[in-house]
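Working notes for the structure below.
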Amino acid sequence: MTQTTTQQQLVQFLEDRFACAQACTECARACALRASLVDPDGTEEQELLRRKGIMCAEVCDATCRVLAEQNQLDETALRAQLEWTRTVNLECAHAFDRHPDAEDAAQACRDCARACTEFMATLD
């Protein structure tokens, strides 16, 4: 945010930041739940799905913590974190798409990826 940022731009920035953090939280919750439902002694594909869910939950949790920080965030580092999260979300959603009982987790991943993209747009 620059010194010429208007009050409306600041409010939009904070709303988008909150929406992104909220989406990350929902995605982390859905992925962790989905990962816990996968049989750890199942097939290699099930193990991959479980790992993807755990990784996505961890990345989203880390991003949520970064977004919750009140200090000045380095924009380059924030962009990298958001892009990483978006990439992991989309990979995880794609993996969940192949499983008929994982639609909610896949949608949470897509929602989070969209929120990250929308928030990055406010950083321009």
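Annotations for the structure displayed:
- With the convex hull of the Cα atoms taken as the outline of the range 61-107, the averaged projected area works out to 3.6 nm².
- The angle between the Cα long axis of helix 7-37 and the longest principal axis of the Cα atoms of the chain comes to about 10 degrees, rounded to the nearest 10.
- Accessible surface, the chain, averaged per residue in Å² (probe 1.4 Å): 60 Å²
- Rg ratio (alpha-carbon, reference 2.2 N^0.38 Å) - the chain: 1.14
- With every protein chain in place, the chain: carbon and sulfur % of accessible area (1.4 Å): 53 percent
- Note on F18 and M55: with the Förster distance fixed at 25 Å, the Cβ-Cβ geometry gives a FRET efficiency of about 0.55.
- Computed magnitude of the charge dipole of the chain (debye, nearest 20; Cβ of K, R +1, Cβ of D, E -1): 200 debye
- Between 0 and 90°, nearest 10: helix 103-122 axis offset from the chain longest Cα axis: 20 degrees
The values are calculated or read from the model by the stated rules, or taken from the named source; none is laboratory data. The structure displayed is predicted, hence computed values, not measured ones. Every residue, glycine among them, receives a Cβ derived from its backbone with ideal geometry; neighbour counts consider all protein chains shown. These area figures cover heavy atoms from the full protein model, side chains too; ligands, DNA and RNA do not enter into them. Shrake-Rupley method; radii C 1.70, N 1.55, O 1.52, S 1.80 Å.
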